[in-house]
């Protein structure tokens, strides 16, 4: 069985995904994806993440890539590099999926894998104010910083999914299970995923 996790920034989805994966005995696929893609493209994980961050301007992404030790990437090649990253991310997601029993976080995995009988597509969300408080506590930032980051990351995720997959990020029709993490919390959220998997 495969599980994809999509989420609004700051809702605590990563902790729920980690707990669900541990309890199910599934592989958690999260931070290793940019590392795998970076190795294939002979660049840095930071450059891969920068290419995926469609919410940033082209100049911001190029500066980040250069800072990440990838001077071979020139401005005129940026779109090609972005396309290469996208193809490699898609290939990596499919490879992890081919092994079965995995929880894949983000990267448009729900759109990459599409509808299939062995897949549970999950979307987690929470009210903006709740997410703001969560981020403030987790990262020790002020209210203004937390809200700005929520808006930036959510906008970037929405634009990424629309630009590369033509889907409306967060639209319930693109998921099999959606829930409010502020209502369910860590334990019950993980339990909800586990029970849904077990009911398949």
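The values are calculated or read from the model by the stated rules, or taken from the named source; none is laboratory data. From a predicted model like this one, the values you see are computed outputs, not experimental measurements. Virtual Cβ from ideal backbone geometry, glycine too; neighbours counted across all protein chains shown.
Which members of segment 19-29 meet the condition of being farther than 14 Å from residue 195 by Cα and crowded, with 17+ Cβ neighbours inside 10 Å? Those that are farther than 14 Å from residue 195 by Cα and crowded, with 17+ Cβ neighbours inside 10 Å: 26, 28, 29. Just to be sure before I move on: is residue 107 within 18 Å of the chain's Cα centre (by Cα), at pLDDT below 90 and part of a loop (DSSP other than H, G, I, E, B) in the structure I sent? So residue 107 passes the test.
For the subset of segment 173-182 comprising residues that are assigned to a helix (DSSP H, G or I) and in contact (Cβ under 8 Å) with a residue 40 or more places away in the chain, which member is farthest from residue 132 (Cα to Cα)? In this case the residue turns out to be 174. The set of residues in segment 179-193 that are surrounded by fewer than 16 Cβ atoms within 10 Å (Cβ to Cβ) and on the phi < 0 side of the Ramachandran plot comprises 180, 183, 186, 187, 188.
Scoring residue 156 on the criteria (1) at pLDDT 90 or above; (2) in the same structural domain as residue 16 (by TED's automatic domain parsing); (3) in contact with a helix residue (DSSP H, G or I) (Cβ under 9 Å, 6 or more places away or on another chain) leaves a single failure, condition (1). Determine if segment 43-53 includes at least one residue that is at pLDDT 85 or above and either within 24 Å of residue 154 (Cβ to Cβ) or not in a loop (DSSP other than H, G, I, E, B) (or both). No - not one qualifying residue is present in segment 43-53.
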